[in-house]
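Structure record follows, encoded as structure tokens.
Readers should treat all values here as calculations from the given coordinates under stated rules, not as data from a laboratory. Just so we're clear, the structure is a prediction, and the values are computed from it rather than from any experiment. We place every Cβ from the backbone using ideal geometry, glycine too, and count neighbours over all the protein chains shown.
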Amino acid sequence: MNAFLLVGGGGVLGALARFTVGSVVADGRRDTFAVNVLGSFALGALTAGLAADATLLTVFGTGFCGAFTTFSSFAVETVELYERGERREAMANATVNLVGALLAVGLGGWLASVV
Amino acid sequence: MSESDANALERLKPLLLVAVGGFAGAVLRHAVALALPDGVPWGTLAVNVAGSFALGALLFEATVSGRLGRETRLLVGTGFLSSFTTYSTFALQTASLSPKLAVVNVAANYAFGFLAVVAGRTAVRSLAAPEVAG
């Protein structure tokens, strides 16, 4: 199937899943952190576990995980904190998303390789 | 259309808007990644910076003039731009780079992404009230 359709289909699911998490976790920053860490974990695991299946990796990796996680909301929320004068919270937000996502990618990849 | 049909449609509308935006955002992100050279993750940097500019402008617009309604924010913000930009691919690519390039990649996405949000807000401010912005 056309790779763009696969990515788009995964993107629909990822965006809807993110929207659902956002409705449950009614705090913008926590909700962004949650999707970014969960999505990074999933992408790490999928990349290690599905390396042989390009189609599934395109749907769930590029499509779903790419759309489920978001950089733009993270960036806007961090800048808003900074401009409100909450500079320490802004730095903390930038740091925990990065550290959380990097650890999650590593953990996901490791789990997929040992399971 | 009966009243209950209309209510069901009203409840489904946010999901449809997010789904349509999410489809378009993911497809365009993939197209950008294919169009830019491999090796260095230029595609992710490009979508993250462009999407941060647009979301900064869109959400700031809601606070200054609010001409774009909730539907637009769901379609373009929650759907398209949040799907167009990505944190997971950014994290995966960062983890796979050499330590030096990883630091450069994080610094570039963060610095240009945050500056893009500020630029998006500044653009809206000057368009919404050109006489104030001078």
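Angle, helix A:3-24 long axis vs. longest principal axis of chain A, Cα atoms, 0 to 90°, nearest 10? Between the helix axis and the principal axis of chain A, the angle is about 40 degrees. With a ≥ b ≥ c taken as the square roots of the eigenvalues of the C-alpha gyration tensor of the protein assembly as shown, please select rounded if a/c is under 1.5 and otherwise prolate if a/b is larger than b/c or oblate if it is not? Judged from the Cα gyration tensor, the protein assembly as shown comes out oblate (a/c at least 1.5, b/c at or above a/b). Computed over the range A:25-79, the percent of Cα pairs more than 15 Å apart is 49.
Counting only Cβ charges, +1 for Lys and Arg and -1 for Asp and Glu, the dipole size of chain B around its Cα centre is about 280 debye.
Each Cα pair under 8 Å and six or more residues apart adds its sequence gap; the mean of these over the residue count of the range B:8-104 is a relative contact order of 41 percent. Listed by number, the DSSP H helices of chain B that run 24 Å or longer by alpha-carbon position along their axis and have mean Kyte hydropathy of at least -0.5 are B:3-35, B:42-64, B:99-128. In angstrom, the C-alpha Rg and Dmax of chain B are 17.9, 62. Only Lys, Arg, Asp and Glu carry charge here, each on its Cβ (+1 for the first two, -1 for the last two); on that basis the range A:1-103 has a dipole of about 60 debye about its Cα centre.
Other protein chain C-beta atoms within 10 Å of residue C-beta, averaged over B:110-117: 5. This model, with +1 at the C-beta of Lys and Arg and -1 at the C-beta of Asp and Glu, gives the protein assembly as shown a dipole about its Cα centre of some 300 debye.
Peptide packing for B:104-111, B:6-13, B:23-30 was compared via the average number of neighbouring C-beta atoms within 10 Å per residue; ordered from the highest value, the list is B:23-30, B:104-111, B:6-13.
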